[in-house]
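A.B. asks: Structure below; questions to follow.
The values are calculated or read from the model by the stated rules, or taken from the named source; none is laboratory data. Values in this document were obtained by computation on a predicted structure and should not be read as measured data. Note that each Cβ is placed from the backbone with ideal geometry, even for glycine, and that neighbours are counted across all protein chains shown. These accessible areas exclude ligands, DNA and RNA; they are computed on the full protein's heavy atoms, side chains included. Shrake-Rupley method; radii C 1.70, N 1.55, O 1.52, S 1.80 Å.
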Amino acid sequence: MNPLFTQFLILTNHIAHGLLNTHLIPILTVFLLFWSLSRVFRAEPSSERSLRFFHRSSHWINLVCMIIKPGISSGIPSLSSSPHLFRIFYPLTLAPYWIRGLSVRRKTILLAAGAMIYYLASLASESTPGIDVFIANNMGLDHFFRGVNPYTQPYPQELSGGRGYRPGFLYWPTTLYLEGLSRLLFGDIRVILAVLWWAAPFFFPKTESSAQDLSLKTVWWFLPFLNFCLKWAWIDPILSFSVSVLIFGLLNRNWWISALAIALAASAKQFGGMFGAFALLYLFVSEPKKGPAFRVALLSAVLFGLLMAPFLLWDFHAFFDMTVKSHLEAAVRLDALTFTAWWIAVAGGEFSGRAQGIMTLVGFGLAVTHLIRNSRRAGLRTLPEAWSIAFGFSVVFGKFGFANYYLLWVSLMILTLTLERAAKTGDASES
């Protein structure tokens with residue numbers, strides 16, 4: 001079922017563009033509930049047939065999506081020719097995947113190079129997007145480079161666009177560090193996001209089938225809605241990269257890498273700590289000895305503290321107010337691809353904060369149950385599945401759920417598929 005659910009999420013985000021679609025949300029909600037329960041109470045791996053079908057069909061489905069609706073993928077183009085450009089450019093960069101006679105190594109090189117060119121072309125097609133996150137994050141870096149705390153400064157109210165939240169640099173310090181480095185080196189905060197997304201598949205577990213390894217890398221590199229997310233400077237590629245490295249660290253029993261990945265995710269975005277918490281629970285449950293879990297917990301806590309400390313010490317109250325309190329007080333987005341927005345639009349009633357919280361807790365409860373019940377039997381695959389359950393419930397039944405959230409969710413599902421392939425060659429169960 002994992003391959004089918006992954007492809008469904010890809011199609012859902014491409015069709016809806018991360019915005020409310022009253023036809024898709026009921027299907028997504030039922031599918032999420034059914035898939036989550038099947039993971040917890042069955043936890044059976046995907047069949048070889050379904051995995052093979054995913055590898056054979058996914059690239060063609062994504063290609064057709066891009067050709068039919070390039071405007072969905074390339075966002076709101078600043079150039080009128082942009083959709084037509086991507087309608088041609090996307091197939092050209094993806095073409096090496098289908099060339100017969102090329103070795104897998106050469107295909108990988110060509111696809112990796114094509115993917116990076118594709119990302120940079122996407123950024124160049126709209127060098128200064130008018131989205132709030134791009135403007136606010138650049139303003140935050142302006143303050144930071146002048147030696148001023150970006151979390152204490154006022155930001156123009158028009159950046160919120162009347163969407164019910166306070167404007168500002170709303171992310172945690174690792175995002176500031178990485179985007180600052182990107183702007184210093186490349187003049188654009190988005191380049192580091194493209195590089196991290198591009199680099200993540202090199203940490204995927206290897207299996208005996210190099211062709212299928214390449215297939216999953218290619219799905220990751222050429223998601224049809226990816227360039228839209230990169231163009232608008234959404235920071236979720238930091239999290240997708242971090243969890244890919246975390247899986248690599250756990251698979252290879254490298255606790256330093258695992259701890260660093262946890263610290264990066266937790267200090268980049270407010271909910272990033274979720275990934276580390278579930279990883280530590282997985283280690284605690286699956287390892288006969290508890291030393292690795294405590295070691296990773298201690299190392300990640302120290303690294304997290306070092307990354308967060310400058311701004312916590314600089315002005316804790318301003319930091320908390322801008323990055324935590326503002327999110328808690330933000331209004332529900334009525335245009336989000338969520339059950340919450342769907343319920344308000346269709347039923348005409350409120351889906352209360354209490355109801356949102358209860359459903360989110362249900363998702364986390366299912367994810368914890370899945371790890372405790374199945375991690376020893378099913379191996380490391382249960383970890384990204386647990387992430388997907390918890391994160392999926394928090395998105396579908398939460399305040400916000402846009403294309404970037406679904407990008408992260410899809411990345412978690414692709415990681416699950418990489419571990420299913422690895423498990424079939426005996427790798428993933430050894431962690």
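A.B. asks: So Trp198 passes all but one of these: (1) free of Cβ contacts under 8 Å to residues at least 12 places away in the same chain; (2) in a helix (DSSP H, G or I). Which condition number does it fail?
C.D. replies: (1)
A.B. asks: List every residue pair whose Cβ atoms lie under 8 Å apart, where the two residues are 6 or more positions apart in sequence or sit on different chains, the first residue falls within the range 338-361 and is touching a residue at least 40 places away in the same chain (Cβ under 8 Å), and the second residue, located anywhere, is buried (at least 18 other Cβ atoms within 10 Å of the Cβ) and charged (D, E, K, R).
C.D. replies: Going by the 8 Å Cβ cut-off, the qualifying pairs are Thr338/Lys399; Thr340/Lys399; Ala341/Arg333; Gln356/Lys399.
A.B. asks: Here are some residues: Ser394, Ser411. Which one is open to solvent by 10 Å² or more (accessible area, probe 1.4 Å) and at pLDDT 95 or above?
C.D. replies: Checking each option against the conditions leaves just Ser394.
Residue by residue, here is whether (1) open to solvent by less than 40 Å² (accessible area, probe 1.4 Å); (2) touching a residue at least 12 places away in the same chain (Cβ under 8 Å); (3) among the acidic types (Asp, Glu) holds:
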residue: Trp256; (1), (2), (3): no, yes, no
residue: Ala266; (1), (2), (3): yes, yes, no
residue: Lys269; (1), (2), (3): yes, yes, no
residue: Phe278; (1), (2), (3): yes, yes, no
residue: Tyr282; (1), (2), (3): yes, yes, no
residue: Lys289; (1), (2), (3): no, no, no
residue: Ala293; (1), (2), (3): yes, yes, no
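A.B. asks: Does Leu51 satisfy the criteria of being part of a helix (DSSP H, G or I) and surrounded by fewer than 20 Cβ atoms within 10 Å (Cβ to Cβ)?
C.D. replies: Taking the combined requirement at face value, the residue does not satisfy it.
A.B. asks: Need the failing condition index for Leu92 against (1) at pLDDT below 80; (2) surrounded by fewer than 17 Cβ atoms within 10 Å (Cβ to Cβ), just the number.
C.D. replies: Condition (1) is where Leu92 drops out.
A.B. asks: Follow-up question, since we're still on this one. If I filter the range 207-250 down to residues being out of contact with any helix residue (DSSP H, G or I) (no Cβ under 6 Å at 6 or more places or on another chain) and part of a loop (DSSP other than H, G, I, E, B), which single residue comes out as most open to solvent (accessible area, probe 1.4 Å)?
C.D. replies: The residue in question is Glu208.
A.B. asks: Sort out which residues of the range 153-186 are farther than 26 Å from Phe241 by Cα and open to solvent by 60 Å² or more (accessible area, probe 1.4 Å), and write them in order of number.
C.D. replies: Pro154, Gln157, Glu158, Gly162, Arg163, Arg166
A.B. asks: Give the residues of the range 298-349 that are among the charged types (D, E, K, R), in a loop (DSSP other than H, G, I, E, B) and under 27 Å from Val148 (Cα atoms), sorted by residue number.
C.D. replies: Asp315 - this is the single residue of the range 298-349 that is among the charged types (D, E, K, R), in a loop (DSSP other than H, G, I, E, B) and under 27 Å from Val148 (Cα atoms).
A.B. asks: For the range 361-405, give me the residue count where each residue is more than 18 Å from Phe31 (Cβ to Cβ) and in a helix (DSSP H, G or I).
C.D. replies: So the answer is 20.
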